[in-house]
Amino acid sequence: MASRIIVGAQWGDEGKGKVIDILASQSDMVVRSQGGNNAGHTVVADHEEYKLHMVPSGILYKDCDCVIGSGVVIDPKELIAEMDAIASRGVSLDRLKIDARTHVIMPYHIALDALSESVRGDMKIGTTKKGIGPCYMDKVERSGIRMCDFTDDAEFRKKLKENLAIKNKIITNVYGGEPLDYEKVYAEYSEYARLLSRYVCDTSVLIYEAIKADKNVTFEGAQGTLLDIDFGTYPFVTSSHPVSGGVCIGAGIGPTLIDGVLGIMKAYTTRVGLGPFPTELFDETGEFIRNRGAEFGATTGRARRTGWLDTVIVSFSVRVNGLTELAVNKLDTLSGIKTLKVCTAYEIDGRVTKHFPADLKTFSRAKPVYTELPGWDDDLTGITKYEDLPLSVKNYIEFIENECGCRVSMVGVGPDRTQNLYK
Ligand code: GDP
Ligand code: IMO
Ligand code: MG
């Protein structure tokens, strides 16, 4: 397969980083196309753990080009810190490229993210406070600072001045916050611009040429389908398009150049941040899953909310992403639970539906309709072949395939790149 999109099929943190690192071993290029350092992608290789936020999860392979596409928003300070941390572990960053059209997260975006959350009350989103939403707001409002402006000193000075004049008014007059000083911000950020400029180019050309040359290109999704600005649980979503359709815009390539879409899911459901979650568990099983699965955010360290698998959500992901295959991670986490529940439909106002509702108020009233399946006690972490999995695990996988109408091609039995079985 020449070009494949990888997307999160739930609320993010499905183990995309692990799968992308595995696929990167056969990829010539890994491309991020949306989101920013709100993402936290974990790769475990040779017992070493890497938490990647903006750098694509192909960076550990020396022959894999890593591209940050036009749809990504970049915090230059954090990107440089991440690059330095990776370089200090002996990994080269020479193959990293950043698109000139990416938008730059400035300190006022971070300040505004926190300030707007502080006044939202009940409608607080629980953002990562990385400035993602405010940066995308400026992009859509057409006032943002793009990487091509950022690395052009005269343009950066002009745009920073214009933006700061308005943002400081909003920060002080609307929210009663502290204004930012132009000279200070300029002095700090112009240095970041200098450090990043050598990585900046038109990555849409590189991606197109790689695909045309029949190279293997993997598109690394961030966040998850249910966090999509249009298709997720709005307004409890992120500000970009994690669905597969977002990749074409965020990488600058046409849909005819994509050969397949792999959805990554967990064998259960998690969510960080606020918003409805019908299968959420508040009991000791939820706690068991959180502890066994180490369900704590890779970006913010927050405890993830945990719950039973919800195939209404995954079926929705199959539809809106056009998934051609699924990877199911973290089956090992469920070992020891006697009976597993899977939500296969919602009861809403006395009616049963298998469709994920468009309206959040309707979704908030959804009661899960469960099917019970036998669990397994076996430790799965040392299993190396799909055939060797216990029958109840295989039944669980087949149940997912039947409910979601999509083939499962890979299953995860541990965090390491070796703990992945092909079906
Ligand atoms: P991402 O954002 O989708 O890349 O996922 P995260 O890295 O935020 O969260 C997934 C977590 O699960 C990470 O700690 C991974 O190391 C871990 N993980 C991935 N696959 C498996 C698996 O099959 N089993 C176990 N136990 N952990 C896994
Ligand atoms: P990866 O790529 C899980 C959630 C936040 C919050 C909402 C909006 O690691 O799967 P934002 O800071 O984006 O404005 O926050 O989206 N969120 C994620 N949840 N995994 C992620 O990324 C996430 N990125 C954002 O918790 O609920
Ligand atoms: Mg994550």
Response to the item:
Within the range 293-309, of all residues that are surrounded by fewer than 16 Cβ atoms within 10 Å (Cβ to Cβ) and part of a strand (DSSP E or B), the one nearest to ligand 1 (Cβ to nearest atom) is Phe296
Worksheet item: Can you pull out the residues in the range 1-28 that are in a strand (DSSP E or B) and closer than 14 Å to Ala298 by Cβ?
Response: Gly8
Item to complete: Within the range 209-243, track down each residue that is in contact with a strand residue (DSSP E or B) (Cβ under 7 Å, 6 or more places away or on another chain) and within 16 Å of ligand 3 (Cβ to nearest atom).
Response: Glu220, Gly221, Ala222, Gln223, Gly224, Thr225, Thr238, Ser240, Pro242
Discussion item. If the requirement is being open to solvent by less than 10 Å² (accessible area, probe 1.4 Å), farther than 23 Å from Asp21 by Cα and either at pLDDT 95 or above or part of a helix (DSSP H, G or I) (or both), which of these qualifies: Gly286, Gly250, Gly263?
Written reply: Gly286
Worksheet entry | Elements of type strands (runs of 3 or more DSSP E) in the range 333-423, at least 3 residues being within 13 Å of ligand 1 (Cβ to nearest atom) | 408-412
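I want to confirm something. Restricting to the range 333-363 and keeping residues that are β-branched (Val, Ile, Thr) and in contact with a Pro (Cβ under 8 Å, 6 or more places away or on another chain), which single residue is nearest to Val393 (Cα to Cα)? Break it down stepwise before answering.
Of all residues in the range 333-363, those β-branched (Val, Ile, Thr) come to 333, 337, 339, 342, 344, 348, 352-353, 362.
Then drop every residue that is not in contact with a Pro (Cβ under 8 Å, 6 or more places away or on another chain), which leaves 339, 348.
Values: Thr339: 12, Ile348: 30 Å.
This residue is Thr339.
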Item to complete: Considering only residues that are more than 23 Å from Leu79 (Cβ to Cβ) and aliphatic (A, V, I, L, M), look in the range 102-122 and name the one that is surrounded by the most Cβ atoms within 10 Å (Cβ to Cβ).
Response: Leu115
Fill in: All strands (runs of 3 or more DSSP E) inside the range 29-136 with 1 or more residues being assigned by TED's automatic domain parsing to the domain that holds Ser364 and within 11 Å of ligand 2 (Cβ to nearest atom)
none
Practice prompt. Could you tell me whether the range 35-42 includes any residue that is buried (at least 21 other Cβ atoms within 10 Å of the Cβ) and more than 12 Å from ligand 3 (Cβ to nearest atom)?
Written response: yes
Discussion item. Quick test for you: out of Ser33, Ser88, pick the one residue that is away from ligand 1 (no atom under 16 Å from the Cβ), closer than 23 Å to Ala193 by Cα and of a type outside the set (D, E, K, R).
Written reply: Ser88
Worksheet item: Is it true that some residue in the range 357-366 is open to solvent by 10 Å² or more (accessible area, probe 1.4 Å) and within 16 Å of ligand 2 (Cβ to nearest atom)?
Response: yes
Worksheet, complete the sentence: Within the range 1-22, the residues that are open to solvent by 10 Å² or more (accessible area, probe 1.4 Å) and away from ligand 1 (no atom under 12 Å from the Cβ) are Met1, Ala2, Arg4
Practice prompt. Determine whether Thr371 is under 29 Å from Asp46 (Cβ atoms) and of a type in the set (Ser, Thr, Tyr).
Written response: no
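The values are calculated or read from the model by the stated rules, or taken from the named source; none is laboratory data. Everything quoted here is computed from the prediction, not taken from an experiment. Neighbour counts are summed over all protein chains in view; Cβ atoms, including those assigned to glycine, are modelled from backbone coordinates with ideal geometry. For accessibility, only protein heavy atoms count, side chains too; no ligands or nucleic acids. Shrake-Rupley method; radii C 1.70, N 1.55, O 1.52, S 1.80 Å.
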